[in-house]
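Peer 1: Have a look at this one.
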């Protein structure tokens with residue numbers, strides 16, 4: 001159903017931490033930039049979009065803005081996950097009502113559920129809201145791992161159509177694919193390992209670095225889909241240092257700073273996240289200045 005390069009969108013803010021609000025103009029301009037670059041889908045209100053610190057009203061408003069601005073040109077996969085099943089249902093239902101094409105739901109964090117609890121959480125949301133849903137496994141944030149056997153059980157639920165796997169664990173990915181690759185699609189959640197992920201059978205990537213380099217990431221995923229390994233490897237190596245730089249501090253701190261260096265938005269995050277500054281910001285700038293692509297130069301502002 002979905003494939004290729006799908007961007008996990010940042011959420012621009014303005015007015016500083018005491019009067020902070022979503023910068024709608026910067027967000028819509030960022031959407032247009034992504035669509036012009038040819039991305040295959042966009043994901044608002046996910047981890048990269050600082051969903052954990054958005055109010056319910058802001059969360060829903062951001063999804064609505066995205067659907068309206070995109071206007072059917074690419075799929076909108078709304079982030080609707082929570083560690084509270086009832087809240088996940090409410091957000092997913094709102095996403096459907098607002099016109100999103102699918103929902104992306106992080107595995108419940110903080111609560112530390114069992115595999116049975118994870119299964120029941122996703123099953124309950126899927127049964128409550130008949131919208132295509134993608135489960136999201138990111139143990140580094142949730143302190144739990146959706147095991148292959150649990151993914152296989154979830155794959156039997158008709159409107160659970162895929163998984164975003166951010167483990168960077170090719171052995172676990174292999175075991176999960178062996179159990180259910182014919183029942184759902186697999187999307188990488190780790191920019192640095194998109195090439196091996198798609199080699200094993202992944203359909204694409206839900207990408208952080210695509211906020212900055214959507215054309216190069218799309219070159220990589222399209223080359224993998226067409227079997228052109230030479231181009232895919234070149235794009236992979238081109239992106240490697242920049243992909244690494246996006247995770248020198250907690251996402252989305254570096255990518256928000258990178259967007260600011262490009263002049264696209266302010267380098268504002270919502271507490272408890274704080275902006276990249278000092279030597280870390282200098283290092284990011286140096287990495288971006290060294291980025292060399294045949295199709296996508298990075299033009300940093302002074």
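The values are calculated or read from the model by the stated rules, or taken from the named source; none is laboratory data. Given the structure is predicted, the values throughout are model-derived calculations rather than measurements. When we count neighbours, we look across all protein chains shown, and the Cβ atoms used for this are built from the backbone with ideal geometry, even at glycine.
Peer 1: Looking at the range 89-100, which of its residues are touching a strand residue (DSSP E or B) at 6+ places or on another chain (Cβ under 6 Å) and free of Cβ contacts under 8 Å to residues at least 40 places away in the same chain?
Peer 2: Within the range 89-100, 95, 100 meet the criteria.
Peer 1: Listed residues 218, 285; which is closer than 24 Å to residue 27 by Cα and either at pLDDT below 95 or buried (at least 21 other Cβ atoms within 10 Å of the Cβ) (or both)?
Peer 2: On inspection, the qualifying residue turns out to be 218.
Peer 1: In addition: Taking residue 198, is it assigned to a helix (DSSP H, G or I), under 30 Å from residue 259 (Cα atoms) and without any contact (Cβ under 8 Å) to a residue 40 or more places away in the chain?
Peer 2: In short, yes.
Peer 1: State whether the residues of the range 261-272 include one that is part of a helix (DSSP H, G or I) and at pLDDT 95 or above.
Peer 2: Yes - at least one qualifying residue is present in the range 261-272.
Matching residues to (1) closer than 25 Å to residue 104 by Cα; (2) surrounded by fewer than 16 Cβ atoms within 10 Å (Cβ to Cβ); (3) in contact (Cβ under 8 Å) with a residue 60 or more places away in the chain; (4) in contact with a helix residue (DSSP H, G or I) (Cβ under 8 Å, 6 or more places away or on another chain):
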site	(1), (2), (3), (4)
210	yes, no, yes, yes
214	yes, no, yes, yes
260	no, no, no, no
264	no, no, yes, yes
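Peer 1: Among residues belonging to the range 112-168 that are surrounded by fewer than 16 Cβ atoms within 10 Å (Cβ to Cβ) and at positive phi, point out the one that is nearest to the chain's Cα centre (by Cα).
Peer 2: Result: 143.
Peer 1: Where in the range 59-151 are there helices (runs of 4 or more DSSP H), lying wholly inside it, with at least 1 residues that are closer than 30 Å to residue 37 by Cα and either modelled with pLDDT of 95 or more or touching a helix residue (DSSP H, G or I) at 6+ places or on another chain (Cβ under 9 Å) (or both)?
Peer 2: 85-98
Peer 1: Follow-up. In the range 288-301, which residue that is free of Cβ contacts under 8 Å to residues at least 60 places away in the same chain and in a loop (DSSP other than H, G, I, E, B) is surrounded by the most Cβ atoms within 10 Å (Cβ to Cβ)?
Peer 2: Among them, the one singled out is 300.
Peer 1: Kindly establish whether residue 275 is crowded, with 17+ Cβ neighbours inside 10 Å and closer than 26 Å to residue 79 by Cβ.
Peer 2: no
Peer 1: Moving on to the next point. When residue 30 is evaluated against the numbered criteria (1) surrounded by fewer than 19 Cβ atoms within 10 Å (Cβ to Cβ); (2) outside any loop (DSSP other than H, G, I, E, B); (3) touching a residue at least 12 places away in the same chain (Cβ under 8 Å), which criterion, by number, is the only one it fails?
Peer 2: (1)
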